[in-house]
Amino acid sequence: MLVEGFGKLMYWVSWALLLFSLFAFVDSAIRRDDAYRAADKQTKAFWLIILGLAAAVNFFMGILDFLPIIGLIATIVYIVDVRPALRQVSGGGRRWPRGRGSSSDGPYGPFNGR
């Protein structure tokens, strides 16, 4: 019974890791190529290859193998380091800016048109 419960836990953890790596892959695919250069990170192609390999390894191998752990580390690096830098370079990534002022605000306050 304990082994069966552990097997079910590992099954759900492996699915979570696969979805996590697929999210990172899709997020890296929708970012602009020049944002990677502006954020001083590796190229878009580099991250697409790394995250695509991480997703493939998570899909085909068990969670307790060595390669999925490396893929998880690469995915965490993208999510924690690269993604925030890309969002900062490309304008924050928020769809609905709350409390940021209107669209006519300039760097020193609102633009009055004078």
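The values are calculated or read from the model by the stated rules, or taken from the named source; none is laboratory data. All of these numbers come straight from a predicted model, not from anything done at the bench. Cβ coordinates were reconstructed from backbone atoms using ideal geometry, including for glycine residues, and neighbour counts include every protein chain displayed. Just the protein is used for accessible areas: all its heavy atoms, side chains included, with ligands, DNA and RNA removed. Shrake-Rupley method; radii C 1.70, N 1.55, O 1.52, S 1.80 Å.
A few comments on the model shown:
- All positions within the range 27-41 that are in a loop (DSSP other than H, G, I, E, B) and either of a type in the set (Ser, Thr, Tyr) or surrounded by 14 or more Cβ atoms within 10 Å (Cβ to Cβ) (or both): Arg31, Ala39, Lys41
- Those residues of the range 47-92 which are within 26 Å of Met10 (Cα to Cα), open to solvent by 40 Å² or more (accessible area, probe 1.4 Å), of a type outside the set (A, V, I, L, M) and in a helix (DSSP H, G or I), in sequence order: Phe59, Phe60, Phe66
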